[in-house]
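A.B. asks: Submitted below is the structure of interest, expressed as structure tokens.
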Ligand code: OGA
Ligand code: NI
């Protein structure tokens, strides 16, 4: 049918023409795509993977010095087994095997919503002393991620038949998080039944820009009910949709269920995988209701309006507290697919 057939997930070159129509097609179908032509330099992504290896290669005791003291605040290091992403879908599973390191926006006391629960998203970053280049690489990548995701939401607005700056008022103080996920399987370590690198979930916010290495572990749940591996092509980044986009578009676009299978040692040798998501969440106070271009008398809104930040916060906190999220915060039939 189109030039998007064949590769999974489809590759979209942002420098080509007809990008909005391609985005609409893949978002209706898989909810994941790869992008080329994003302009993020290879040496920056290589540097990020290198500092990630150096940071996570340290002893647990050293890494724990850089963890957040408050469960509401996602900053710094999080250890193996302290999060369970499936709890965000109100599912109980053994905790995830990944380690993480997160950064985000620093306090913005001038914003009115800063004085609500939103302030948890605007917290001072935690910067370890080693490796020396971690801070610089993450801040440089933050700027790049921000630029690319902004371009993506502009193209998404066009794809939905809206003005290109439609999402602007919803994203000018977006509570984004940049995170390094690290999966390491050492000899002798095993996974419990039902335990994952990251348990099945949908992302919570608008969309995620995902830089991943080429170790197969990420899987998406396709429309025909199969878990399919996703390995990005060299130089490509992944983009996937979160729940807020599914709600905005009345499920025209999918927030696709995905998971990361356990990365375990084989032949007595350690194995590792790294992935670097930039979660684009939208403003805390974004009022998310069915878009005018995604409803008709025959297709009434399926979801009541919500405040974006409350949705994201409820799910994020449930994952970190290892308690089932409020069932209303799941979207559509996503969790039912796993029952
Ligand atoms: C996530 C996630 C996928 C990956 O961090 O939300 O789904 O490939 N990561 O690690
Ligand atoms: Ni995810």
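Since every read-out is calculated from the coordinates, none of them should be taken as a lab result. Note that the structure is predicted; figures quoted are calculated from it, not measured. Positions of Cβ are backbone-derived with ideal geometry, glycine not excepted, and every protein chain shown enters the neighbour counts.
A.B. asks: With labels modelled as points extended 7 Å from the Cα through the Cβ direction, what inter-label distance (nm, one decimal) is found for residue 147 paired with residue 59?
C.D. replies: 4.1
A.B. asks: Residue separation times 0.36 nm, minus the C-alpha to C-alpha distance between residue 92 and residue 214: what's the value?
C.D. replies: 41.0 nm
A.B. asks: Based on DSSP H runs of at least 4 residues, each adding -39500 (n - 2.57), what is the mean residue ellipticity at 222 nm of the chain after dividing by all its residues, to the nearest 500 deg cm²/dmol? It would help to have the intermediate numbers written out before the result.
C.D. replies: Working: 7 runs with 81 residues, N = 339.
Helix-only estimate at 222 nm: -7500 deg cm²/dmol.
A.B. asks: Just how far, in whole angstrom, is the range 164-178 from the range 29-79 if you go by their alpha carbon centroids?
C.D. replies: 22
A.B. asks: Above 15 angstrom, tally the Cα pairs of the range 1-84 and express them as a % of all pairs, no decimals.
C.D. replies: On the way: 2475 of 3486 pairs.
The share of Cα pairs beyond 15 Å in the range 1-84 comes to 71 percent.
A.B. asks: Once the Cα atoms of helix 19-29 and of the chain are each reduced to a long axis, what angle between those two axes, in degrees from 0 to 90 to the nearest 10, is obtained?
C.D. replies: 80
A.B. asks: Right, here's the next one. If you find the alpha carbon centre of the range 100-141 and of the range 259-291, how far apart are they in angstrom?
C.D. replies: After rounding, the separation between the Cα centres reads 18 Å.
A.B. asks: Residue 117 to residue 163: FRET efficiency via 1/(1 + (r/R0)^6), r the Cβ-Cβ distance, R0 35 Å, to the nearest 0.05? Walk me through the numbers on the way to the answer.
C.D. replies: Values: r = 30 Å, r/R0 = 0.86.
Taking R0 as 35 Å, the efficiency between residue 117 and residue 163 is 0.70.
A.B. asks: Mind checking the full-extension length gain between residue 326 and residue 140? Use 0.36 nm per residue of separation minus the Cα-Cα distance, one decimal, nm. Before the final figure, lay out the partial values.
C.D. replies: Working: separation 186, 0.36 × 186 = 66.96 nm, distance 3.60 nm.
The span from residue 326 to residue 140 would gain 63.4 nm if fully extended.
A.B. asks: Shifting gears a bit: Calculate, for residue 267 and residue 7, the FRET efficiency according to 1/(1 + (r/R0)^6) with r their C-beta to C-beta distance and R0 30 Å; round to the nearest 0.05.
C.D. replies: On the way: r = 31 Å, r/R0 = 1.02.
The calculated FRET efficiency here is 0.45.
A.B. asks: Right, another one. Given bins 10 angstrom wide, list per bin the percent of all Cα-Cα distances in the chain, short to long.
C.D. replies: Once binned at 10 Å, the Cα pair distances of the chain give 6, 26, 37, 24, 6, 1, 0.
A.B. asks: So if each residue of separation counts as 0.36 nm, and I subtract the Cα-Cα distance between residue 68 and residue 46, what length gain in nm does that give? Let's see the in-between values first.
C.D. replies: Details: separation 22, 0.36 × 22 = 7.92 nm, distance 2.66 nm.
Extending this stretch completely gives an extra 5.3 nm.
A.B. asks: Could I have the simple spin-label model distance between residue 15 and residue 195, label points 7 Å from Cα toward Cβ, reported in nm to one decimal?
C.D. replies: Going from the residue 15 label point to the residue 195 one covers 4.5 nm.
A.B. asks: First measure r as the distance between the Cβ atoms of residue 226 and residue 108, then evaluate 1/(1 + (r/R0)^6) with R0 = 35 Å and state the FRET efficiency to the nearest 0.05. It would help to have the intermediate numbers written out before the result.
C.D. replies: On the way: r = 43 Å, r/R0 = 1.22.
It comes to 0.25.
A.B. asks: For the chain, with a Gaussian network of springs between Cα atoms less than 10 Å apart, report the residue from 294, 207, 27 with the top mean-square fluctuation.
C.D. replies: So, out of 294, 207, 27, the one fluctuating most is 294.
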